[in-house]
Every structure is written in structure tokens, then in C-alpha cells.
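K.L.:
Mind looking over this structure? Questions follow.
The values are calculated or read from the model by the stated rules, or taken from the named source; none is laboratory data. The structure presented is a predicted model; accordingly, all values stated were derived computationally and were not measured. Cβ sites come from the backbone with ideal geometry, for glycine too, and all protein chains shown count toward neighbours.
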Amino acid sequence: MTWWQDFCESRIARNRERILEGKSPLPLVRSLLLRKKEKAASFHEVDRAKNKKLHGRFAGRQCVIVGSAPSVTDLPLERIQSDFIFLLNRTYLLAERFGVTPAALVMSDRLAYRDYGKGINTDGFEYVFFASTLRNAVERPNVYWFDLYKEPNLYDGFVSTSITEPLFHGHTVAHCACQIAIALGFSEIVLIGIDLSFDPGKPHFYASSEREKRWATDVSQSKKSRMISSFAFLANVSKRLHVKIINASPVDGLPGVPRKTFTEIFKSS
């Protein structure tokens, strides 16, 4: 590694620390990373005109983004009467437990789609947001494709507020869902079941496959700090956009994201 590469890597590492602390990205680092800007390979064409029609459609409203951490198992999900619920990956299995019909499904992981994507009833959702990187995903009228940047990433200090342009990833589909929610105009984004605990014995609320267990311990754990940095950055940027991101999960796994209890937000009727 040359002295210049070493210098750049050290500045990028420091930038990630600043983001986790809620500080602005360093201009020099942003400049360096923009030179590396590269879109991930895609297998589907994004209909930008179709996506643009969704921009700001839900301005001023609340949405809930539901992840697949084990903590969702005992939550009284029927209390959630939110205007809009995003289900991530296999949380479609929880659809019937909510007080309202979940509006959207979001998937960006090609391995997750390979494992169980074809078994999802996409007709049960008004909106299905699929990454264009999902090679075998099926085209349907309610599917909205989105591109991803290969680099730079959320934890480098970049965020997208438009689904006509590629989204920045941070190693979990929840980051994509947050950027989609911001683009759609939601003013309050509530997160549940996004704990980043990655328990090797039970990483999800459902019976995880052996591949998912290995992924949780071998890959997700190693990228956990970057995921946390990405959430902290999203929470910080959202304030400037007059959007609140709140962690209402029973597990406090997202330092840098404001917390409220599930009961505070979803009171019993």
C-alpha cells in the first residue's frame, strides 16, 4: 500500500468515527470517495418515472419498518395501526399479526431472495421494493426496482433521498428501507426488530436456515460496527430533513438512534 492509499484509508476510518459521533463527514473524504462512486451490477431496469410518482406521496405521515430480530416475537404487533408498514425480508411471515395490512415489502439480498423469495405472495402488498441486483426476482405491476451503489456506502457519509437514483447500502436491507421511506415523504420512521444482535443460535424470530446462521456469525457480526455507523448517520441526516427516526425495539442495538418504548408509540386500545 502506498503512502497515499494509507492516508486515504486512515481518513476514511476517521470519517466513520465522526459519523458515529453525529458529526459531519470530512469534505476531503467525501471528495476521495466520490471518485470511487460505482453502481452495483443490476439485472432489472429501474423505471424512474414510475418511482418518481411515489416521491413525497406520504408526506407528514408515520411509517414502521419491521426487521426479523427475535425481539419481535413477543411484541403485541396488533397494536400497530400505523399508516404504512414496511416488512423486511422474511418478516412477511408476520403479516397477519398486525392491526392493519402491511403496505410494503423490501428485499435487497440476493441470497435471501434465492432462499425464499419465490415463496412470497407479492400480490399481498401494495408496494414491493426489490433491489435491481436480485437476478431472479419477478416483474409485477406493484414491484418498484431500485439500484444500489457498490461504493461508497452509508457509513462513508452518503445518503439518497430519491428512489430514482441508486441507494447507498450499509450491509442491511433496513438501510434501504429507511432511504425509501425518506423519499416517500414520511416524517416519522419507527424501527422495530432491528437489533443487530446476530445471536448464532437464533439470529431471527423464525427458524433460521444453516446458511443464515453462518452468515450471521461469519459476515454480519464482522460488519456490525459499519451497520451501527450507518444508522447513526441516517438518524443525524434525517433531522436536517425534518424526519424523525426512532428505535422502538425492546433491544437497544442502535446507538445514535433516538429511542422510545414500543408502548409509548403504540398504546393499547
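K.L.:
All but one of (1) surrounded by 22 or more Cβ atoms within 10 Å (Cβ to Cβ); (2) in a helix (DSSP H, G or I) hold for A112, so report the exception by its number.
P.N.:
So the condition that A112 fails would be (1).
K.L.:
Name the single residue that is modelled with the highest pLDDT among those in region 111-155 being in contact with a helix residue (DSSP H, G or I) (Cβ under 9 Å, 6 or more places away or on another chain) and of a type in the set (K, R).
P.N.:
The qualifying residue modelled with the highest pLDDT is R140.
K.L.:
On to the next question. Would you mind stating whether K224 is more than 20 Å from A103 (Cα to Cα), of a type in the set (K, R) and not in a helix (DSSP H, G or I)?
P.N.:
no
K.L.:
Please work out if I245 is farther than 21 Å from K260 by Cβ and surrounded by 24 or more Cβ atoms within 10 Å (Cβ to Cβ).
P.N.:
no
K.L.:
Does region 200-231 hold any residues that are touching a Pro at 6+ places or on another chain (Cβ under 7 Å) and either over 28 Å from Q62 (Cβ atoms) or not β-branched (V, I, T) (or both), and which are they?
P.N.:
Scanning region 200-231 gives K202, H204, F205, E212, K213, A216, T217.
K.L.:
Something else: Within region 57-69, restricting attention to residues that are among the hydrophobic types (A, V, I, L, M, F, W, C) and surrounded by fewer than 21 Cβ atoms within 10 Å (Cβ to Cβ), which residue is nearest to F129 (Cα to Cα)?
P.N.:
The residue in question is F58.
K.L.:
Residues in region 156-169: is at least one under 25 Å from I246 (Cα atoms), in a helix (DSSP H, G or I), over 13 Å from the mean Cα position of the chain (by Cα) and at pLDDT below 95?
P.N.:
Yes, that holds for at least one residue.
K.L.:
Being among the aliphatic types (A, V, I, L, M) and out of contact with any Leu (no Cβ under 8 Å at 6 or more places or on another chain) is the filter; apply it to region 70-87 and report the residue that is surrounded by the most Cβ atoms within 10 Å (Cβ to Cβ).
P.N.:
Result: I85.
K.L.:
Restricting to region 170-189, name every residue that is within 18 Å of R61 (Cβ to Cβ) and within 9 Å of the chain's Cα centre (by Cα).
P.N.:
Selection gives A177, C178, Q179, I180.
K.L.:
Give me the residue from region 142-166 that is farther than 15 Å from V128 by Cβ and without any contact (Cβ under 8 Å) to a residue 24 or more places away in the chain and, out of that set, surrounded by the fewest Cβ atoms within 10 Å (Cβ to Cβ).
P.N.:
E165
K.L.:
Given the structure, is S230 among the small types (G, A, S) and touching a residue at least 24 places away in the same chain (Cβ under 8 Å)?
P.N.:
The answer is yes for S230.
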